[in-house]
Amino acid sequence: MQSAMEALANEYLAKLKSIYPSGYSQLRDESRLAGYKKEFILAVVQNKITTREMLDIGIARAREDSKKNPFMPPPHKFADWCRTQPEDIGLPSSLKAYRIASTESGKRADIREWSNPVIYVTAREVGFFDLANEQESKIFKYFQEVYADNCKKALQGYEFEIPKTQRVEHKPITTAQRNKELALSELDSIRDLLEK
């Protein structure tokens with residue numbers, strides 16, 4: 001008897017076959033097809049692809065890919081396609097979000113300008129200090145994981161907020177104010193001399 005996962009794999013492999021008719025020939029051999037199906041199921045399980053909607057996202061991306069590539073995607077690539085990408089919900093890619101977060105984290109807290117609450121919350125969770133000071137090679141993977149989790153929450157309707165920070169407004173000093181301050185300072189110096 002066929003398991004539910006195997007039936008699902010067969011269904012989506014049939015869809016891939018229709019999308020990549022010439023590329024499917026690489027799997028005509030029964031042992032290759034069985035190996036691909038096994039890897040497909042493993043990739044889906046390991047990447048926590050848990051709904052038909054997620055698999056359908058992968059199929060939609062496969063249709064786009066087939067316009068320029070005649071070969072079936074490796075199972076791990078298909079699993080990557082199934083996950084919602086930040087760009088799908090109007091957010092920057094992980095790398096762009098990381099660059100924004102590390103740049104803003106390197107500024108004083110009172111002058112940071114967070115353009116997106118998901119990026120802000122991710123930066124806060126990863127750590128502003130670490131983002132500002134650690135090398136990209138050491139911290140990007142962690143940032144990427146936290147960002148992906150937060151993007152998933154945003155997709156599920158969770159609303160993120162950037163707290164209102166109290167900024168100190170620096171008003172520019174006019175020339176008249178500067179001249180008045182200099183004149184008062186000079187008067188004080190003259191008074192000091194006269195009192196001696």
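The values are calculated or read from the model by the stated rules, or taken from the named source; none is laboratory data. Fair warning: this is a prediction, and the values are worked out from it, not measured in the lab. Cβ atoms come from the backbone with ideal geometry, glycine included; neighbour counts cover every protein chain shown. Ligands, DNA and RNA are stripped out before the accessible areas are found, and what is left, the full protein with its side chains, is counted by its heavy atoms. Shrake-Rupley method; radii C 1.70, N 1.55, O 1.52, S 1.80 Å.
Given the condition farther than 25 Å from Ala4 by Cα, in contact with a Leu (Cβ under 6 Å, 6 or more places away or on another chain) and modelled with pLDDT under 90, answer yes or no: does some residue in the range 56-75 qualify?
no
Quick one: in the range 1-11, of everything that is in a helix (DSSP H, G or I) and without any contact (Cβ under 8 Å) to a residue 40 or more places away in the chain, which residue is farthest from Phe78 (Cα to Cα)? First the steps, then the outcome.
We begin by selecting, within the range 1-11, every residue in a helix (DSSP H, G or I); these are 4-11.
Among the residues that remain, those that are also without any contact (Cβ under 8 Å) to a residue 40 or more places away in the chain are: 4, 6-7, 9-11.
Numbers: Ala4: 19, Glu6: 16, Ala7: 17, Ala9: 12, Asn10: 14, Glu11: 14 Å.
Looking at the filtered set, the residue picked out is Ala4.
Would you call Lys48 assigned to a loop (DSSP other than H, G, I, E, B) and under 30 Å from the mean Cα position of the chain (by Cα)? Give the derivation first.
Working: assigned to a loop (DSSP other than H, G, I, E, B): yes; under 30 Å from the mean Cα position of the chain (by Cα): yes.
Considered against the rule, which asks whether it is assigned to a loop (DSSP other than H, G, I, E, B) and under 30 Å from the mean Cα position of the chain (by Cα), Lys48 comes out as yes.
How about the range 126-146: which of its residues are closer than 15 Å to Ser93 by Cβ and among the charged types (D, E, K, R)? Break it down into steps so the answer makes sense when it comes.
Keep residues of the range 126-146 that are closer than 15 Å to Ser93 by Cβ, which gives 136, 140-141, 143-146.
Of everything in the range 126-146, those that are closer than 15 Å to Ser93 by Cβ and among the charged types (D, E, K, R) turn out to be Glu136, Lys141, Glu145.
Restricting to the range 12-31, what's the tally of residues that are part of a helix (DSSP H, G or I) and open to solvent by 70 Å² or more (accessible area, probe 1.4 Å)? Even if it seems obvious, please write down each step before you answer.
From the range 12-31, those part of a helix (DSSP H, G or I) are 12-19, 23-27, 30-31; that's our starting set.
Remaining after also requiring open to solvent by 70 Å² or more (accessible area, probe 1.4 Å): 17-18, 30-31.
Qualifying residue count for the region: 4.
Each row is one residue, and each column tells you yes or no for (1) of a type in the set (Asp, Glu); (2) modelled with pLDDT of 75 or more; (3) open to solvent by 90 Å² or more (accessible area, probe 1.4 Å).
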residue: Ile162; (1), (2), (3): no, yes, no
residue: Arg167; (1), (2), (3): no, no, yes
residue: His170; (1), (2), (3): no, no, yes
residue: Thr174; (1), (2), (3): no, no, no
residue: Arg178; (1), (2), (3): no, no, yes
residue: Leu182; (1), (2), (3): no, no, yes
